[in-house]
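Asker: Provided herewith is a single structure, encoded as structure tokens, for subsequent inquiry.
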Amino acid sequence: MLVRRLPLIFVLSLASLALHAQDLATTCHASSSYDLTVTPGGLLFDRLQPAPLRVELQDGALRTDGAAVRLRAEEQDRLVLFERELRALMPRVKAVAMHGVDILVAAVHDEGTRLSLSPDTRAEMDRRLATRAVELKQRLAASNSTHDWQGNLADQYVNQLASDLMPLLANDLGQQAINAAMSGDLQAAASLRDSATDLATQLRPRLEQRMRVLTPEIQALCPSIQRLAELQQGLRGSGGQPLNLIQVGP
């Protein structure tokens, strides 16, 4: 869905990428029942129901479910602006998403420092973080459709990252606990074991908190989202149904 998934796709507000800290839907109160694909030749909105199921925009021309729609000159002008402004918005949204990836990587790195991990563990953690970050940034850069992110793929990236890192961190803390116990520092050993146990539940909320620094950047996108919603107001498909490509409201 267009704006609801934009964070998953482009924003990582990660978006929801991340961690569902914030997203366009909650910050800008924007949603859409459509998926969006952006091509060099135009914009395609599609959904399973209700009609129209397929909306194509290109240089002020409108087709819905394969049928051309007759438009007044003023409506054509609005569609031209809609397409132009949506295309201009995409790089801005992707830039927020890229920044979100960087924040996430930095936050996890800082968690490793806070836990006093061994140098080898920190190095391996940073290597795995960098690999995942490159993968995600490449996918964000190449994406031109919300269909690329079906099935909560952003969540899958977060889960993969957790699968990569949690055993590594837990093993390091566990080894520290064993070493502390063998040296007779039972209190330190117990504290380290508790840290390892709590890691899975406490790490994600701390990362979500760090991601909130993206909120002003997401808020800066809201006027453009509102503008797109206004430009498509009143437009109807070949069957007379309102397009409602984007909906903005409380």
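Asker: Tell me, which strands (runs of 3 or more DSSP E) wholly within the range 27-97 include 3 or more residues that are over 19 Å from the mean Cα position of the chain (by Cα) and closer than 20 Å to residue 229 by Cβ?
Answerer: 42-46, 54-58
Asker: Which of the residues belonging to the range 210-228 are surrounded by fewer than 20 Cβ atoms within 10 Å (Cβ to Cβ) and either in contact (Cβ under 8 Å) with a residue 60 or more places away in the chain or part of a loop (DSSP other than H, G, I, E, B) (or both)?
Answerer: Selection gives 210, 212, 213, 215, 217, 219, 220, 222, 224, 226, 227.
Asker: Taking only pairs six or more apart or across chains, which ones have beta-carbon atoms under 8 Å, a first residue in the range 99-122 that is hydrophobic (A, V, I, L, M, F, W, C), and a second residue that is exposed (fewer than 13 other Cβ atoms within 10 Å of the Cβ) and assigned to a helix (DSSP H, G or I)?
Answerer: Hits for this filter: 105/130.
Asker: Now for a different question. Suppose the filter is modelled with pLDDT under 85 and in contact with a Lys or Arg (Cβ under 8 Å, 6 or more places away or on another chain); does residue 173 pass it?
Answerer: yes
Asker: Any idea which residue in the range 229-240 is farthest from residue 108 (Cα to Cα), counting only those that are among the small types (Gly, Ala, Ser) and surrounded by 14 or more Cβ atoms within 10 Å (Cβ to Cβ)?
Answerer: By that ranking, first place goes to 238.
Asker: Before we move on, is residue 64 over 20 Å from residue 38 (Cβ atoms), among the hydroxyl-bearing types (Ser, Thr, Tyr) and crowded, with 16+ Cβ neighbours inside 10 Å?
Answerer: no
Asker: Now for a separate question. Can you pull out the residues in the range 141-159 that are at pLDDT 85 or above and under 14 Å from residue 101 (Cα atoms)?
Answerer: 141
The values are calculated or read from the model by the stated rules, or taken from the named source; none is laboratory data. Fair warning: this is a prediction, and the values are worked out from it, not measured in the lab. Because the Cβ atoms are built from the backbone with ideal geometry, glycine has one as well, and the counts that use them run over all protein chains shown.
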